[in-house]
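Asks: Right, I'll just put the structure down here and ask away after.
The values are calculated or read from the model by the stated rules, or taken from the named source; none is laboratory data. From a predicted model like this one, the values you see are computed outputs, not experimental measurements. All Cβ positions, glycine included, derive from the backbone under ideal geometry; neighbour counts span all protein chains shown.
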Amino acid sequence: MNQTLPSPLLLTGAAGFIGSAFARSCNQKGIPLISVDSLSHFQDRPEHQNIDFGTLIDRDELFEKLPHLAFSAIVHLGACASTLEMNEAFLHRVNVEYSQKLWTFAAEKKLPMIYASSAATYGNGDQGYKDDETRLADLKPLNPYGRSKWLFDVWALEEEKKGQHPPTWGGFKFFNVYGFGERHKKNMASVVLHSFDQILSTSGMKLFKSHKQGIADGHQSRDFIYVGDVVNVLHFALSHPIRRGIFNLGSGKARPFLDLVRTVFQTLGKPEKIEFIDTPISIRDKYQYFTEASMDRLRSEGYTLPFTSLEEGVAVYVNQLQDQETSS
């Protein structure tokens, strides 16, 4: 697929955090869009200023209009991404069945498709974080959201075995994505945003204590990936193109929450004031102490760009948040 597309991309979840970042990048690249989401989301999120989403379609009307649209590929980022959502029937409808319909359409019309999976499919990580498709069926997600993403991954591989798949396709297991444009996610937003807000309002930040022997308070670690890197990989997958497969999408380097929070303090020019509090009993048995994406498979596909360091990405994001505060 050429970088300059003859017809638009169909982008679902366009008004979301990663979707809007991808839309902004398409504007910069001159790629037209057909953007799918709840129409109200395009109006009520201030981070969307100066983004041209192209043609807007309500997510509930997409399949009615789909046969009449002209586009060159599907970028499917739309989903309920709340790890706290417990309604499995709802998650199956919006995360599994919706994705299956898009996949089937892409297969029938021979359209490339890339979609968002999740690192939540790995569960507690006891089997590691290697994107080995032969071990996918053995993963045990910890929550209904993770299970919904896992169910679609498994279904996609089964469809591929039947010969029913888009001509090129890629699923990407997003790890801990952070960056500008996520405020609407509220409690599901990254620790960077929570740190920024908490430090400005209280001059301090609260982090969970470690309840695991051998791991110090604040040294619980995650693979944090800057949203700009995610967007770069998605464009690579389309333009390279990646022929097929389910891939990790993280930085490949786990970093402690303490490093992240300290960078927020430093960027704000404020003295560190960190308090450690007990991890709530309700989530303690499912709390992950370490996540780190194995990125070998994506690198083997020819992706060579370096990933943004935590310090650089957090500093850029915090400065954007400060600019937004001063301009509002």
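Asks: Residues in the range 178-205 that are of a type in the set (A, V, I, L, M, F, W, C), out of contact with any Lys or Arg (no Cβ under 7 Å at 6 or more places or on another chain) and surrounded by fewer than 21 Cβ atoms within 10 Å (Cβ to Cβ): how many?
Replies: 3
Asks: Restricted to the range 272-296, and to residues that are without any contact (Cβ under 8 Å) to a residue 40 or more places away in the chain and not in a helix (DSSP H, G or I), which residue is nearest to Gly146 (Cα to Cα)?
Replies: If we take residues in the range 272-296 being without any contact (Cβ under 8 Å) to a residue 40 or more places away in the chain and not in a helix (DSSP H, G or I), then Asp285 is nearest to Gly146 (Cα to Cα).
Asks: In addition: Tell me, please, whether a residue that is surrounded by fewer than 18 Cβ atoms within 10 Å (Cβ to Cβ) and among the small types (Gly, Ala, Ser) can be found in the range 79-86.
Replies: Yes, that holds for at least one residue.
Asks: While we're on this one: For the structure I just gave you, tell me whether Lys65 is basic (Lys, Arg) and in contact with a strand residue (DSSP E or B) (Cβ under 7 Å, 6 or more places away or on another chain).
Replies: It is true that Lys65 is basic (Lys, Arg) and in contact with a strand residue (DSSP E or B) (Cβ under 7 Å, 6 or more places away or on another chain).
Asks: Within the range 194-249, restricting attention to residues that are in a strand (DSSP E or B), under 30 Å from Gly171 (Cβ atoms) and aliphatic (A, V, I, L, M), which residue is farthest from the chain's Cα centre (by Cα)?
Replies: Ile246
Asks: Now for a separate question. Among the residues of the range 272-297, write down those that are out of contact with any strand residue (DSSP E or B) (no Cβ under 8 Å at 6 or more places or on another chain), closer than 19 Å to Asp217 by Cβ and at pLDDT 95 or above.
Replies: Passing the criteria: only Glu272.
Asks: Would you list the strands (runs of 3 or more DSSP E) that sit entirely within the range 97-185 and hold 1 or more residues that are of a type outside the set (D, E, K, R) and within 22 Å of Arg59 (Cα to Cα)?
Replies: 113-118, 169-174
Asks: So, Ile57, is that one over 19 Å from the mean Cα position of the chain (by Cα) and either at positive phi or in a strand (DSSP E or B) (or both) or not?
Replies: Criteria met by Ile57.
Asks: Moving to a separate point now. For the range 217-225, does any single residue satisfy the condition of being crowded, with 17+ Cβ neighbours inside 10 Å, under 20 Å from Thr121 (Cα atoms), in contact (Cβ under 8 Å) with a residue 24 or more places away in the chain and in contact with a Gly (Cβ under 6 Å, 6 or more places away or on another chain)?
Replies: So far as the range 217-225 goes, yes, one or more of its residues are crowded, with 17+ Cβ neighbours inside 10 Å, under 20 Å from Thr121 (Cα atoms), in contact (Cβ under 8 Å) with a residue 24 or more places away in the chain and in contact with a Gly (Cβ under 6 Å, 6 or more places away or on another chain).
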